[in-house]
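Where a number appears in this text, it was derived from the coordinates with a stated rule and is not lab data. Quick caveat, the model's predicted, so the values are computed rather than measured. When we count neighbours, we look across all protein chains shown, and the Cβ atoms used for this are built from the backbone with ideal geometry, even at glycine.
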Amino acid sequence: MEKKKADKADLEKRSVIFFELGLVVAISLVLIAFEWTSTGIKTNEFDIQQAEQAEQEIIPITRQEKPKPKPPEPPKVTEILQIVDNNVDLQDELQLEDLEADINTEVEPINYDVEDEEDTGEGEIFFIVEDMPTFMGKDVNAFRDWVAQHIKYPEIAAENGISGRVFVRFVVEPDGRVDNVEVVRGVDPALDAEAVRVVKSSPRWSPGKQRGKPVRVAYTIPIVFILQ
């Protein structure tokens, strides 16, 4: 049989070349696809390091204390000078009285009594002296026991359930009397009045002495009212 096609139109001879070109194109497309996906998910290492440094360089916010105002300066004292005319006479000379004294002039001596300066007097009240007052030959604790034995609970305070501690101050006079009785800290008018009453009814004390002389000495004692 005779060939109907020319040698140039015969594609079987070029099939190998077309096959190789197809493989090259396919491999190129695959490589391009991989390169495209990898660049899409790739992160920049420089950006990560910069973000970490930014987090580490965060400075906490601190309050700045306002400076304290300086104290005002003391006012300056200015000296006022009074200007006068030259015609004005100024009397700034020291004038001494002319006192004539001779041998026959009598001079009264000035007596300085040392005892008068050291005398404390009965009006001054002491809290601590050299010899403290004594009650029935004992100290102030004996007087507290005496008060506890002679105190009477007011009926009004007992009915209302009022109790507490009343502080009473008094003065032991130089003659041993108890005077100037007053409530320093009270609880109830009925309890305060009873505390003042029982202290005023105290027997005489042996007075306190300062430098061997009887003086006034003040005491403050608590009187406790307890319901039983």
In debye to the nearest 20, the charge dipole size for region 123-225, taken about the Cα centre with +1 at each Lys and Arg Cβ and -1 at each Asp and Glu Cβ, equals 300
Using a 10 Å cut-off around each Cβ, can you sort T220, T134 from fewest to most neighbouring Cβ atoms? T220, T134
Net charge contributed by nearby residues that have their C-beta within less than 13 Å of P133 (K/R +1, D/E -1): -1
Calculate the FRET efficiency for I226 and I125 from the Cβ-Cβ distance with a Förster distance of 25 Å, rounded to the nearest 0.05. 0.20
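So how do R216, R211 line up by other beta-carbon neighbours within 10 Å, fewest first?
R211, R216
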Förster-model FRET efficiency, 30 Å R0, Q210 and K152, C-beta, rounded to 0.05: 0.25
Within a 10 angstrom radius of the beta carbon, how do I17, I162 rank from fewest other beta carbons to most? I17, I162
May I ask you to list the residues of region 210-228 whose amide nitrogen lies under 17 Å from a point 7 Å from Cα along the Cα→beta-carbon direction of N160? 225-227
